[in-house]
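**Student:** To start, I am sharing the structure in question, which I have written as structure tokens.
Every number in this text was worked out from the coordinates using simple rules, so none of it is lab data. Worth saying up front: this structure is predicted, and the values here are computed from it rather than measured. Here the Cβ positions follow ideal geometry from the backbone for every residue, glycine too, while neighbour counts run over all protein chains shown.
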Amino acid sequence: MVFRHKSPVPGILGALFLAPNEEEMLIGIMQQIDLECRSNVDHFSQSVIIAQIELLLTYADRYYHRQFITRKIVNYQVLDKLNVSPNYLSRLLKTLTGQSTQQHIHDKLIEKAKENYRPRSFQ
């Protein structure tokens, strides 16, 4: 499951790729926050809401960073199947494009962001 959120940058959506049990956990925490907000206010209300929000953010951070670990593992699996080392692939990219891997990825990200940001014509 993909949990989408609106980014502060216009036109950009972020996503967390979640397993069903992870999605249920985040939804459960959000429901607890909602329930607490609708309940009668007492001395502990604010502390309970803050604790739930911190828990929600901790899980979101965990799932977000796990995506990059998973992608890194997949990238190495692809390199293994191609029977090349990361250094070889990096040197090959530098030879073919004149850019380092990081520069190449950076340029592609900027290019993609520009495509997503282009104003749409009104018809």
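**Student:** What pairs come out if I take residues in the stretch 22-48 that are surrounded by 12 or more Cβ atoms within 10 Å (Cβ to Cβ) and pair them with residues that are of a type in the set (G, A, S) whose C-beta lies under 8 Å away, six or more apart or interchain?
**Tutor:** Filtered contacts from the stretch 22-48: L26/A60; E36/S45; S45/S39.
**Student:** A further question follows. Which of the helices (runs of 4 or more DSSP H) found entirely inside the stretch 19-119 contain at least 3 residues meeting this: among the charged types (D, E, K, R) and under 26 Å from the mean Cα position of the chain (by Cα)?
**Tutor:** Ranges flagged: 20-38, 45-82, 101-117.
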